[in-house]
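The values are calculated or read from the model by the stated rules, or taken from the named source; none is laboratory data. The structure presented is a predicted model; accordingly, all values stated were derived computationally and were not measured. Backbone-built Cβ (ideal geometry, glycine too); neighbour counts: all protein chains shown.
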Amino acid sequence: MNLITIAFFFFAALTIVLGAVVVFSRNIMYSAFSLLFTFFGVAALYVLLSADFLAITQIMIYIGGILILIIFGVMLTTRITGVDVKSGTSGKFQIGLAGVLSMLIAAALIFVFITTKWYLADSAEVVKTADQIGNELLTNYLLAFEAASMLLLIAIVGAAFIARKK
Amino acid sequence: MEIGLIHYLIISGILFSLGIFGIITRKHAVMVLMGLELVLNAANINFIAFAKFGGMNIEGHIAAIFVIILAAAEAAVALAIVLNIYQNFKHVNVDEVDKLKG
């Protein structure tokens with residue numbers, strides 16, 4: 001076992017276990033903080049997949065942006081000081097049904113992943129990806145890039161419009 | 001033991017089904033949103049894994065970046081809607097929010 005393998009299994013276990021804590025925890029603040037470490041684990045997996053720009057983007061946008069938004073949402077919609085931080089779940093029967101359903105989904109996905117003969121390219125040597133991504137975004141994907149910028153602007157205006165006090 | 005494509009795909013499969021389980025079972029709207037983020041992250045892991053092992057190269061990274069952009073926009077709008085629901089109903093349980101105008 002070399003170092004890459006050990007690092008992979010460590011971060012894979014971190015991602016899966018804390019992802020499970022996100023879903024199964026009764027306290028919604030525990031879920032939010034577990035989500036932080038899940039995002040960190042995914043960013044580390046990106047690094048192991050030699051996607052340096054994506055790892056930084058993951059940390060900056062998911063952890064610095066989306067997670068902060070989610071924690072704000074938790075604090076504004078639950079009474080932190082009271083006992084009401086719990087997030088309710090459905091009844092026992094629904095939980096059992098949902099568990100069976102998601103286990104089926106996981107089993108089907110993993111079965112397909114293992115049995116399919118994937119096309120494997122020759123592994124290219126590791127290069128830094130930021131300048132390649134910039135070139136692609138401003139040449140081949142220029143329209144999608146501009147559309148994404150318009151979408152973000154509209155989302156900001158719409159969010160401010162929806163959330164304002166009447 | 002060499003870490004290959006399959007390992008990353010299995011991680012993303014497990015993460016995806018965890019997210020689906022969270023979306024189905026939790027009542028709190030913010031928890032549903034967290035399950036959604038897990039699902040999107042699972043999809044992103046697949047994109048990057050195929051970018052490295054399947055010869056997708058930089059196109060996989062571009063797709064993952066657009067997924068992250070859409071996730072950011074979706075989180076902002078969804079949180080605004082959740083705050084609005086809280087103002088009207090004093091709770092955010094998604095299965096009890098059933099009035100269009102009230």
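Of the residues that make up region B:46-55, is at least one over 19 Å from residue A:56 (Cβ atoms), touching a helix residue (DSSP H, G or I) at 6+ places or on another chain (Cβ under 8 Å) and within 7 Å of chain A (Cβ to nearest Cβ)? Checked against the condition, which is being over 19 Å from residue A:56 (Cβ atoms), touching a helix residue (DSSP H, G or I) at 6+ places or on another chain (Cβ under 8 Å) and within 7 Å of chain A (Cβ to nearest Cβ), region B:46-55 yields at least one hit. In this structure, is residue A:108 under 30 Å from residue B:76 (Cβ atoms) and not assigned by TED's automatic domain parsing to the domain that holds residue A:53? Taking the combined requirement at face value, the residue does not satisfy it.
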